[in-house]
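The values are calculated or read from the model by the stated rules, or taken from the named source; none is laboratory data. What you see is a predicted model; the values in this text were computed from it and never measured. Glycine gets a Cβ as well: all are built from the backbone with ideal geometry, and neighbour counts include every protein chain shown. What goes into the accessible areas is simple: the full protein's heavy atoms, side chains included, and nothing from ligands, DNA or RNA. Shrake-Rupley method; radii C 1.70, N 1.55, O 1.52, S 1.80 Å.
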Amino acid sequence: MLIDSHCHLDFPDFAADLPGVIARAKAAGVTGMLTIATRVAKADTYRAIAEAHPEVWYTIGTHPHGAADEPDVAAGTIAEIAAASPRCVGIGEAGLDYHYADAAPEAVQERVLRAHIEAARLSGLPLVIHARDADDHMERVLSDEMGHKPFRAVLHCFSSGKRLAEAGVELGLFVSFSGIVTFRRSHDLRDIARSVPLDRILVETDAPFLAPEPHRGRTNEPAYTADTARSLAETLGLPAEDLARITTANFFSLFDKAAGATPRSGA
């Protein structure tokens, strides 16, 4: 059994064939999927997907690309939305992304991230963190907030530097690897994966983005979690079955609310 710990099933790429996407995932051994929010305003959309498909859970939050659109959503509001549904098992994704010139101002992104950290504390749910081209700033924010009051989190689709991975592990965070780890030139990322404790590793697709080898160039989908997991298992010198077991256990350890809303047998 595998869990795709991060995908975006609400995106237009899947609108025409979402039941088929989920069926292909199950056929590939991916029995659970966590669809990740990018806007708090779309909470009803995420909830509807999860309630219609027992293999799916969801999160609630504002992606840093949308920080300027939702700069002032209160932590309490996010936590209340999460508490209202048994299938909402996490907060985010939220974070810092300075890759694009037209990104929201750094101060706005930081304010939104800190609000989501507080929502994670209020709800008791883990935060899904997005970090891109912001390693130093992210480390400062996480260290500051963790020193103030602990919270649970995962650095999703990890593609940052080794120092942020080390800092995340030191702070008690999980680290999730996507199809990027399968790319030929991702030598440094594979080295980082080897340094992360096995009880902190997750796998994901970030679908519809970043399809792993041998599907690169196609629309990514949760079924391809199996390809990323096989590649990561080879990197770590583990049988694929062991990595599947470990990452699934890690998923339910972090997203423990999901254990109370697991996919129905035979669904």
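When you check residue 46 against the structure, is it modelled with pLDDT of 95 or more, open to solvent by less than 10 Å² (accessible area, probe 1.4 Å) and in a helix (DSSP H, G or I), yes or no?
yes
Just a yes or no: is a residue in segment 50-62 of a type in the set (Asp, Glu) and either closer than 28 Å to residue 112 by Cβ or in contact (Cβ under 8 Å) with a residue 12 or more places away in the chain (or both)?
Within segment 50-62, one or more residues are of a type in the set (Asp, Glu) and either closer than 28 Å to residue 112 by Cβ or in contact (Cβ under 8 Å) with a residue 12 or more places away in the chain (or both).
Mind listing just one residue for me: the one in segment 81-127 that is in contact with a helix residue (DSSP H, G or I) (Cβ under 9 Å, 6 or more places away or on another chain) and acidic (Asp, Glu) and, of those, nearest to residue 253 (Cα to Cα)?
93
What's the total number of residues in segment 197-235 that are aliphatic (A, V, I, L, M) and either over 14 Å from residue 176 (Cβ atoms) or open to solvent by 50 Å² or more (accessible area, probe 1.4 Å) (or both)? Step through it out loud before you land on a result.
Step one: list which residues in segment 197-235 are aliphatic (A, V, I, L, M), which gives 198, 201-203, 207, 210-211, 223, 226, 229, 232-233.
Then drop every residue that is not either over 14 Å from residue 176 (Cβ atoms) or open to solvent by 50 Å² or more (accessible area, probe 1.4 Å) (or both), which leaves 198, 210-211, 223, 226, 233.
Summing the residues that are aliphatic (A, V, I, L, M) and either over 14 Å from residue 176 (Cβ atoms) or open to solvent by 50 Å² or more (accessible area, probe 1.4 Å) (or both) in segment 197-235 gives 6.
Which condition breaks for residue 149 when tested against (1) within 30 Å of residue 84 (Cβ to Cβ); (2) in contact with a strand residue (DSSP E or B) (Cβ under 8 Å, 6 or more places away or on another chain)?
(2)
List the number of the failed condition for residue 95; all other conditions in (1) more than 18 Å from the chain's Cα centre (by Cα); (2) open to solvent by less than 30 Å² (accessible area, probe 1.4 Å); (3) under 16 Å from residue 69 (Cα atoms) hold.
The number of the failed condition is (1).
Is it true that residue 189 is on the phi > 0 side of the Ramachandran plot, hydrophobic (A, V, I, L, M, F, W, C), out of contact with any Phe, Trp or Tyr (no Cβ under 6 Å at 6 or more places or on another chain) and surrounded by fewer than 24 Cβ atoms within 10 Å (Cβ to Cβ)?
no
Can you name every residue in segment 1-39 that is in contact (Cβ under 8 Å) with a residue 40 or more places away in the chain and either of a type in the set (Val, Ile, Thr) or open to solvent by 60 Å² or more (accessible area, probe 1.4 Å) (or both)?
Going through segment 1-39, the residues in contact (Cβ under 8 Å) with a residue 40 or more places away in the chain turn out to be 1-9, 11, 13-14, 21-22, 24-25, 27-34, 36-38.
Correct list: 1, 3, 13, 21, 22, 24, 27, 30, 31, 36, 38.
Regarding segment 161-178, can at least one residue be identified that is without any contact (Cβ under 8 Å) to a residue 40 or more places away in the chain, of a type in the set (A, V, I, L, M), part of a loop (DSSP other than H, G, I, E, B) and within 22 Å of residue 245 (Cα to Cα)?
Checking segment 161-178: not a single residue is without any contact (Cβ under 8 Å) to a residue 40 or more places away in the chain, of a type in the set (A, V, I, L, M), part of a loop (DSSP other than H, G, I, E, B) and within 22 Å of residue 245 (Cα to Cα).
Only residues that are open to solvent by 30 Å² or more (accessible area, probe 1.4 Å), of a type outside the set (Ser, Thr, Tyr) and within 20 Å of residue 92 (Cα to Cα): list them for segment 150-168, please.
Listed by number, the residues that qualify are 150, 152.
Which residue out of 73, 21, 108, 89 is aliphatic (A, V, I, L, M) and touching a Lys or Arg at 6+ places or on another chain (Cβ under 6 Å)? Even if it seems obvious, please write down each step before you answer.
Details: 73 fails: touching a Lys or Arg at 6+ places or on another chain (Cβ under 6 Å); 21 fails: touching a Lys or Arg at 6+ places or on another chain (Cβ under 6 Å); 108 fails: touching a Lys or Arg at 6+ places or on another chain (Cβ under 6 Å).
Exactly one residue qualifies, and that residue is 89.
Taking segment 66-92 as the region of interest, how many residues are farther than 11 Å from residue 112 by Cα and of a type outside the set (A, V, I, L, M)?
Let us first name the residues in segment 66-92 that are farther than 11 Å from residue 112 by Cα, namely 76-91.
Then drop every residue that is not of a type outside the set (A, V, I, L, M), which leaves 76-77, 80, 85-88, 90.
Matching residues across segment 66-92 total 8.
For the subset of segment 98-123 comprising residues that are among the acidic types (Asp, Glu) and either within 15 Å of the chain's Cα centre (by Cα) or surrounded by 18 or more Cβ atoms within 10 Å (Cβ to Cβ) (or both), which member is nearest to residue 48 (Cα to Cα)?
Start the filter on segment 98-123 by keeping residues that are among the acidic types (Asp, Glu), which leaves 102, 106, 110, 118.
Pick out the ones that are also either within 15 Å of the chain's Cα centre (by Cα) or surrounded by 18 or more Cβ atoms within 10 Å (Cβ to Cβ) (or both) and you get 110, 118.
Details: 110: 30, 118: 25 Å.
Ranking the candidates gives 118 first.
What number of residues within segment 88-141 are of a type outside the set (S, T, N, Q) and in a helix (DSSP H, G or I)?
Summing the residues that are of a type outside the set (S, T, N, Q) and in a helix (DSSP H, G or I) in segment 88-141 gives 23.
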